[in-house]
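Structure first, commentary second.
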Protein chains: 2
Amino acid sequence: MSESESGFGVDLDFGDDGLVPAVAQDAETGDVLMLAYANRDALERTVETGVAHYYSRSREELWEKGATSGHTQSIEEVRVDCDGDALLYVVEQTGGACHTGHRSCFYRTVEGETVGERVFDPDDVYE
Amino acid sequence: MSESESGFGVDLDFGDDGLVPAVAQDAETGDVLMLAYANRDALERTVETGVAHYYSRSREELWEKGATSGHTQSIEEVRVDCDGDALLYVVEQTGGACHTGHRSCFYRTVEGETVGERVFDPDDVYE
């Protein structure tokens with residue numbers, strides 16, 4: 001796809017399923033907060049509104065992060081990788097990114113040790 | 001899959017294609033370096049050897065990062081996200097992560113501005 005066709009300043013490859021992985025990184029601490037997916041619509045809304053949007057594969061719909069929990073992500077910068085098939089959202093995270101209450105979804109090591117901070121109680125946020 | 005079946009300390013979901021996205025983060029600077037994919041074999045070798053391995057979707061084979069370029073990634077920690085379907089490799093990166101010569105594959109904004117540092121000339125590294 002050419003630059004003008006993509007509608008963005010770089011070529012993007014949304015692949016067969018129309019999705020690219022989008023990594024959210026804390027602008028202040030550099031922590032990797034979560035990995036989700038975006039389609040073209042989600043990326044366009046993210047860029048236009050300055051608030052992180054994804055595509056929920058489980059709910060099969062556009063997902064404005066924090067619309068339910070209030071734990072929104074304000075966009076500082078959106079980056080694209082060399083192949084144009086992955087995104088990096090550099091964000092100011094309100095509260096925690098993870099539905100478990102942790103600041104980051106990557107709160108465990110592969111050995112099973114919890115190393116991430118819990119910042120809210122999901123029972124207080126999700127009904 | 002149960003913990004014991006997974007062979008790791010946490011449940012992992014490699015999905016229909018046997019792959020999970022793996023984000024590499026610079027242990028020193030916190031920069032997100034790249035996003036690639038890992039299958040079970042790649043993750044096992046990463047954990048066992050302490051050197052980042054991925055699965056190359058284009059070459060359809062196990063990929064030891066830096067085997068050709070020398071730009072290896074020494075593993076400091078492997079993290080797993082809440083759903084067990086994404087990995088975070090926290091690494092010490094030798095040279096640059098990106099085949100374009102940039103330190104990070106996320107060297108451009110979605111508007112097309114180059115913001116990342118170029119640390120080597122690909123012509124000197126790849127023949």
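From B:ALA67, B:ALA27, B:ALA22, grab the single residue that is of a type in the set (A, V, I, L, M, F, W, C) and closer than 17 Å to A:PRO21 by Cβ.
Of the residues listed, the single one that is of a type in the set (A, V, I, L, M, F, W, C) and closer than 17 Å to A:PRO21 by Cβ is B:ALA22.
Which condition from (1) modelled with pLDDT under 95; (2) of a type outside the set (Val, Ile, Thr); (3) touching a helix residue (DSSP H, G or I) at 6+ places or on another chain (Cβ under 9 Å) is the one that A:ASP124 breaks?
(3)
Mind checking which residues of segment A:93-127 are at the interface with chain B (Cβ under 8 Å from one of its Cβ atoms), outside any loop (DSSP other than H, G, I, E, B) and over 18 Å from the mean Cα position of the chain (by Cα)?
A:ARG108, A:THR109
Please tell me if B:THR94 is surrounded by fewer than 18 Cβ atoms within 10 Å (Cβ to Cβ), in contact with a His (Cβ under 9 Å, 6 or more places away or on another chain), within 23 Å of A:LEU43 (Cα to Cα) and of a type in the set (Ser, Thr, Tyr).
Answer is no for this residue.
Take A:GLU28 and decide whether it is among the acidic types (Asp, Glu), in contact with a strand residue (DSSP E or B) (Cβ under 9 Å, 6 or more places away or on another chain), surrounded by fewer than 17 Cβ atoms within 10 Å (Cβ to Cβ) and part of a loop (DSSP other than H, G, I, E, B).
Yes; evaluated as a whole, the condition is true for this residue.
Need the failing condition index for A:THR72 against (1) within 12 Å of chain B (Cβ to nearest Cβ); (2) touching a Gly at 6+ places or on another chain (Cβ under 6 Å); (3) among the polar types (S, T, N, Q), just the number.
(1)
Collect the residues in segment B:90-127 that are of a type in the set (A, V, I, L, M) and either touching a residue at least 60 places away in the same chain (Cβ under 8 Å) or under 21 Å from A:TYR89 (Cα atoms) (or both), keeping them in residue-number order. Walk me through how you get there before you give the answer.
So in segment B:90-127, the residues of a type in the set (A, V, I, L, M) come out as B:90-91, B:97, B:110, B:115, B:119, B:125.
Of everything in segment B:90-127, those that are of a type in the set (A, V, I, L, M) and either touching a residue at least 60 places away in the same chain (Cβ under 8 Å) or under 21 Å from A:TYR89 (Cα atoms) (or both) turn out to be B:VAL90, B:VAL91, B:ALA97, B:VAL110, B:VAL115.
Just wondering, is there one or more residues in segment B:12-19 that are within 11 Å of the chain's Cα centre (by Cα) and surrounded by 14 or more Cβ atoms within 10 Å (Cβ to Cβ)?
no
Out of segment A:26-48, which residues are free of Cβ contacts under 8 Å to residues at least 24 places away in the same chain and more than 11 Å from the chain's Cα centre (by Cα)?
A:THR29, A:GLY30, A:ASP41, A:ARG45, A:GLU48
Output the number of residues of segment B:31-60 satisfying the condition of being within 11 Å of chain A (Cβ to nearest Cβ), acidic (Asp, Glu) and either under 19 Å from A:THR109 (Cβ atoms) or assigned to a strand (DSSP E or B) (or both).
1
The values are calculated or read from the model by the stated rules, or taken from the named source; none is laboratory data. Here the structure is a predicted model, which means the values were calculated and not measured. Using ideal geometry, Cβ is built from the backbone for each residue, glycine included, and neighbour counts are taken over all protein chains shown.
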